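Chemist: Sharing a structure with you now.
The values are calculated or read from the model by the stated rules, or taken from the named source; none is laboratory data. Every value quoted in this text rests on a predicted model; they were computed, and no experiment measured them. Glycine gets a Cβ as well: all are built from the backbone with ideal geometry, and neighbour counts include every protein chain shown. Remember, those area values only see protein heavy atoms, side chains included, never the ligands or the DNA or RNA. Shrake-Rupley method; radii C 1.70, N 1.55, O 1.52, S 1.80 Å.
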Amino acid sequence: MRFSGKTVVVTGAASGIGAAATALFAREGAVVFASDIDVAGGEKLAAETEGDVRFAECDVCAPYAIKALMDRAADETGGIDTVFNNAGAGGARENIAEIEPEAWDRTMDLLLRSVAFGIRYAVPHMMGRKGASIVNVSSVAAVGPGYSPTTYAVAKAGVLHLTKCAATDLAQHGIRVNAVQPGFINTNIFTASLDIPEEFKAQAKASIAQMSSNAQPVARGGQPIDIANAVAFLASEEAGFMTGTSLIVDGGLTLGPRHSWDPEEGGAFEALIALEEQVKAAQQTA
Ligand code: NAI
């Protein structure tokens, strides 16, 4: 019961990582304000999750909706102890040679500005609360290009730097700020924006589940609870001396090219050895 008597706000709580974090915080004693744009999903989560979970509709692209969310949480409970800035989606798919300003702005508002104002409007309610802590969702996409579309990757890299800047600004108030960088986690994010009928979405989800099992050295797919566990740790007193840092939770996805750990995948070094063996065999035959 690490969060007994605490108030926690989670954005993007109706699905995936946010839903898992909501359930974990609630199970460990927190009052959780579970917010999302998905009203049906959020209400279902609040009804079905064990503990004190209160759904609040909030579009994180609207900063004043974020303010209303934080104000409500503080009004109902007296303050806020933890914020998990989690809401997100894949964003614009175009690369830098194709992106239009509106698509860039929409993605940045969803993935980066939302985090800035999730912090901004929570902080007045966190001042003076012992163990106050904010956790932001970044991504392995912040490590380097290639894990996601460009705008998403830039926004998630921005979340990491914002985390460091906010940690510096807020240390004087006793508020810690950290981030998590999930790897390939089996959630709805990959199929949510697909413009296809539901029956095809189910197929797409099954193939995502299969791909996520084989994507990294750890031989299973990443699950929302893997990230929720790291978030709860960063939010807890166990991480009381950690601020401005980030935990990569990716089953080893970012450790290097796949051939460095997958014997089925030949890398350049293996190709050179094969060439050497071919040349030697040819020399012996000659
Ligand atoms: P998900 O699609 O299962 O859940 C995202 C939730 O955010 C949904 O409930 C959705 O309704 C909500 N949401 C979307 N736009 C919103 C808005 N404007 N305002 C409020 N809520 C909104 O996805 P998942 O995977 O749980 O994603 C959570 C976070 O984790 C996102 O920020 C994502 O970028 C990040 N992440 C996910 C990874 C993965 O492999 N699943 C990898 C790295 C980062």
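Chemist: Does at least one position in segment 201-211 carry a residue that is open to solvent by less than 30 Å² (accessible area, probe 1.4 Å) and hydroxyl-bearing (Ser, Thr, Tyr)?
Modeler: no
Chemist: Of the residues that make up segment 51-60, is at least one charged (D, E, K, R), assigned to a loop (DSSP other than H, G, I, E, B) and open to solvent by less than 40 Å² (accessible area, probe 1.4 Å)? Spell out how you get there, then give the answer.
Modeler: Filtering segment 51-60 for residues charged (D, E, K, R) gives 52, 54, 57, 59.
The next check asks that each one be assigned to a loop (DSSP other than H, G, I, E, B); those that pass are 59.
Keeping just the survivors that are open to solvent by less than 40 Å² (accessible area, probe 1.4 Å) gives none.
No, there is no match, as no residue in segment 51-60 is charged (D, E, K, R), assigned to a loop (DSSP other than H, G, I, E, B) and open to solvent by less than 40 Å² (accessible area, probe 1.4 Å).
Chemist: Could you identify the single residue in THR254, THR243 that is part of a helix (DSSP H, G or I) and of a type outside the set (Gly, Ala, Ser)? So that I can check it myself, show each step before the final result.
Modeler: Values: THR243 fails: part of a helix (DSSP H, G or I).
Just a single option satisfies the conditions, and that option is THR254.
Chemist: A further question on this structure: Which condition from (1) in contact (Cβ under 8 Å) with a residue 60 or more places away in the chain; (2) of a type in the set (A, V, I, L, M, F, W, C); (3) surrounded by fewer than 24 Cβ atoms within 10 Å (Cβ to Cβ); (4) within 30 Å of PHE3 (Cα to Cα) is the one that PHE190 breaks?
Modeler: (4)
Chemist: Let me ask you something else. Taking segment 181-208, which residues are in a helix (DSSP H, G or I), within 12 Å of the ligand (Cβ to nearest atom) and not charged (D, E, K, R)?
Modeler: ILE189, PHE190, THR191, ALA192, ILE208
Chemist: Residue under question is ILE37, and the condition is that it be within 20 Å of the chain's Cα centre (by Cα), near the ligand (Cβ under 10 Å from one of its atoms) and open to solvent by 50 Å² or more (accessible area, probe 1.4 Å); does it hold?
Modeler: Yes: the conditions hold for ILE37.
Chemist: If LEU110 meets every condition in (1) touching a Pro at 6+ places or on another chain (Cβ under 8 Å); (2) not in a loop (DSSP other than H, G, I, E, B) apart from one, which number is that one?
Modeler: Of the numbered conditions (1) touching a Pro at 6+ places or on another chain (Cβ under 8 Å); (2) not in a loop (DSSP other than H, G, I, E, B), the odd one out for LEU110 is (1).
Chemist: Tell me, which residue of segment 244-266 that is closer than 20 Å to LEU160 by Cβ and open to solvent by 70 Å² or more (accessible area, probe 1.4 Å) is farthest from the chain's Cα centre (by Cα)?
Modeler: LEU255
Chemist: Same structure again: In the list ARG129, ARG176, which residue meets the criterion of being in contact with an Asp or Glu (Cβ under 6 Å, 6 or more places away or on another chain) and modelled with pLDDT of 95 or more?
Modeler: The conditions single out ARG129.
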